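The values are calculated or read from the model by the stated rules, or taken from the named source; none is laboratory data. The structure displayed is predicted, hence computed values, not measured ones. Neighbour counts run over all protein chains shown; Cβ positions are idealised from the backbone, glycine included. Areas reflect the complete protein model, heavy atoms only, side chains present, ligands, DNA and RNA absent. Shrake-Rupley method; radii C 1.70, N 1.55, O 1.52, S 1.80 Å.
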Amino acid sequence: MTPRVDPARVRPGDTLPEVAETIERMDLVRYAGASGDFNPIHWNDEVAKAVGLPGVIAHGMYSMGVAARMVTGWAGDPAAIKRLRVRFSTMIEPGQTLTAKGEVAEVDGRRVLVRFHAEDEKGEKVLSKGEAELELAPGGSRAP
């Protein structure tokens, strides 16, 4: 198990380790199966192009999941997230790399607010205005 962040050592401005993931079409097919979102714009180029898209696009919630993995990886506990929100800013396609970046915005005891975004390899924001509210377990053993 990943050591948890010690809430006593967390400070506003601390940056989270980035998470970068190249989005592959098979990832989207797997996500469709796991989520039940079988909208063909996420796996069928012909359907995606017929509705005006450049081709298959990733599920917005898949992209949000990459950012959530960054937050939980830093916290060391998926249950630490109490609230997560984000704005879906632009689309990302298979073959592109999504990079999630975040930093601590506020600390109030064990309650921590992280602000984050995710961008493609050109620096375009795929996710913006992301916020994760966490409640960190006391007595963590890892520095932020």
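Below, the figures for the structure above:
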quantity: Inter-residue pairs, beta-carbon under 6 Å, first at pLDDT 95 or above and in the stretch 58-69, second assigned to a helix (DSSP H, G or I) and of a type outside the set (Asp, Glu), 6+ apart; calculated: Ala58/Leu28; His59/Tyr31; His59/His42; Tyr62/Tyr31
quantity: Candidate set: the stretch 2-24, residues that are in contact with a Leu (Cβ under 9 Å, 6 or more places away or on another chain), open to solvent by less than 70 Å² (accessible area, probe 1.4 Å) and in a loop (DSSP other than H, G, I, E, B); chosen: the one nearest to Ile57 (Cα to Cα); calculated: Ile23
quantity: The stretch 81-102, subset touching a Phe, Trp or Tyr at 6+ places or on another chain (Cβ under 9 Å) and over 16 Å from Ile23 (Cα atoms), residue least open to solvent (accessible area, probe 1.4 Å); calculated: Gly102
quantity: Any chance Leu28 is open to solvent by less than 20 Å² (accessible area, probe 1.4 Å), part of a strand (DSSP E or B) and farther than 17 Å from Leu134 by Cβ; calculated: no
quantity: Test: residue in the stretch 124-141 that is out of contact with any strand residue (DSSP E or B) (no Cβ under 9 Å at 6 or more places or on another chain) and either at pLDDT 95 or above or buried (at least 19 other Cβ atoms within 10 Å of the Cβ) (or both); calculated: yes
